[in-house]
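The structure appears right after this line, and notes come after that.
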Amino acid sequence: MNSYYAMTKIIVANWKMNPLTVSEALKIASAVDVKGVVICPPPPFLIQVKSQLKKAGLGAQDVFGDGPPTGQGAFTGEISPAMLKKIGVEYVIIGHSERRRHLAETDEMIGRKIKAAVSAGLKVVLCVGEQLSVRKKGLPAAKNFVKSQLLKDLKGTISDLQLRTSNIIVAYEPIWAVGTGKPDNPSETADMAKFIKTILASRFMIHASRVLYGGSVTSSNIARILKYDEIGGALVGGASLKPGEFKKIIKISKKY
Ligand code: PGA
């Protein structure tokens with residue numbers, strides 16, 4: 001905790017396409033309204049969840065990256081960064097592996113989303129992570145994969161906009177660990193987090209950055225993950241929908 005990396009941990013709740021109703025959403029949100037937590041509900045619940053939160057921050061799970069800076073226009077179905085900002089959204093998850101896979105999001109699209117979000121004053125949680133086939137070749141192969149994602153996703157950000165530690169957080173989410181009940185080995189995660197910080201500092205001038213871990217985080221493994229100073233918090237999917245379980249995760253996170 002005394003090292004250069006030590007910082008208060010944050011816990012980001014990625015609800016994905018859950019729950020089904022606004023009343024369920026409000027019930028979960030009110031139970032876990034704690035400082036240092038960021039709740040990312042689906043778009044239909046953002047405004048109501050926001051009005052309920054007193055301590056936790058609010059995040060979106062995606063944003064449109066190709067609209068005009070005015071934040072409005074003929075783009076059916078899309079949500080602009082300016083719209084999110086105006087309803088009190090502070091963070092936005094960009095490049096989640098489920099969107100990369102199911103919605104064919106490319107690194108180029110992700111790069112444009114990052115620029116649009118940061119320009120509108122949102123903080124970005126950029127998700128990166130390798131497939132199982134890559135990790136099977138070893139941690140160095142996974143690092144190479146993640147490095148290439150970062151270089152592509154953040155390309156042009158130095159000249160186009162000043163990304164700072166305060167407006168970009170990277171979440172390392174190995175794809176094989178997401179929703180599988182098989183989290184990464186925490187010491188390898190810490191090694192990867194340190195590597196990501198080095199890339200951000202050396203290639204993008206983003207110093208003392210925050211790197212989160214995501215992938216099957218629960219109350220039984222969170223302590224082993226957060227004990228590493230390099231890991232600045234967690235991005236939690238499934239477990240963030242169970243208030244009792246998520247409260248335990250938050251409570252444990254406060255010890256680090
Ligand atoms: P999980 O999801 O915690 O259910 O593995 C994490 C995520 O997708 O962000």
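The values are calculated or read from the model by the stated rules, or taken from the named source; none is laboratory data. This structure is a prediction, so every number in the text was calculated from the model and none was measured. Glycine gets a Cβ as well: all are built from the backbone with ideal geometry, and neighbour counts include every protein chain shown. SASA here: full protein model, heavy atoms, side chains in, ligands and nucleic acids out. Shrake-Rupley method; radii C 1.70, N 1.55, O 1.52, S 1.80 Å.
Among the candidates G95, G138, G121, G156, single out the residue that is small (G, A, S) and over 23 Å from K197 (Cβ atoms).
Of G95, G138, G121, G156, the one residue that is small (G, A, S) and over 23 Å from K197 (Cβ atoms) is G121.
Could you grab me the full set of residues in the range 82-98 that are under 15 Å from P43 (Cα atoms) and either in contact with a Leu (Cβ under 7 Å, 6 or more places away or on another chain) or among the charged types (D, E, K, R) (or both)?
Within the range 82-98, L84, K85, K86, I87, G88, V89, E90, Y91, V92, I94 qualify.
Please state which one of R112, R100 is open to solvent by 20 Å² or more (accessible area, probe 1.4 Å) and within 16 Å of the ligand (Cβ to nearest atom).
Answer to the check: R100.
In the range 96-111, which residues are closer than 23 Å to I158 by Cβ and hydroxyl-bearing (S, T, Y)?
Scanning the range 96-111 gives a single hit, T106.
Taking the options V22, V49, V32, V63, name whichever one is in contact with a strand residue (DSSP E or B) (Cβ under 6 Å, 6 or more places away or on another chain) and either surrounded by 14 or more Cβ atoms within 10 Å (Cβ to Cβ) or at pLDDT 95 or above (or both).
Criteria check complete, one pass: V63.
Please enumerate the residues belonging to the range 127-144 that are within 16 Å of the ligand (Cβ to nearest atom) and surrounded by fewer than 23 Cβ atoms within 10 Å (Cβ to Cβ).
Within the range 127-144, Q131, L132, R135 meet the criteria.
Which one is nearest to the chain's Cα centre (by Cα) among residues in the range 218-238 that are within 9 Å of the ligand (Cβ to nearest atom) and open to solvent by 10 Å² or more (accessible area, probe 1.4 Å)?
My answer is G237.
Using the structure shown, decide if A190 is modelled with pLDDT of 95 or more and not in a helix (DSSP H, G or I).
no
Say whether the condition of being within 15 Å of the ligand (Cβ to nearest atom), open to solvent by less than 10 Å² (accessible area, probe 1.4 Å) and assigned to a helix (DSSP H, G or I) is met by at least one residue in the range 195-211.
No; the residues of the range 195-211 include none that is within 15 Å of the ligand (Cβ to nearest atom), open to solvent by less than 10 Å² (accessible area, probe 1.4 Å) and assigned to a helix (DSSP H, G or I).
Would you check if S51 is over 30 Å from A201 (Cα atoms) and more than 16 Å from the chain's Cα centre (by Cα)?
yes
So that you can scan it fast, the table gives a plain yes or no per residue for (1) in contact with a helix residue (DSSP H, G or I) (Cβ under 7 Å, 6 or more places away or on another chain); (2) part of a helix (DSSP H, G or I):
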position	(1), (2)
A13	yes, no
A25	yes, yes
A29	yes, yes
K35	no, no
I39	yes, no
L46	no, yes
V49	yes, yes
K54	no, no
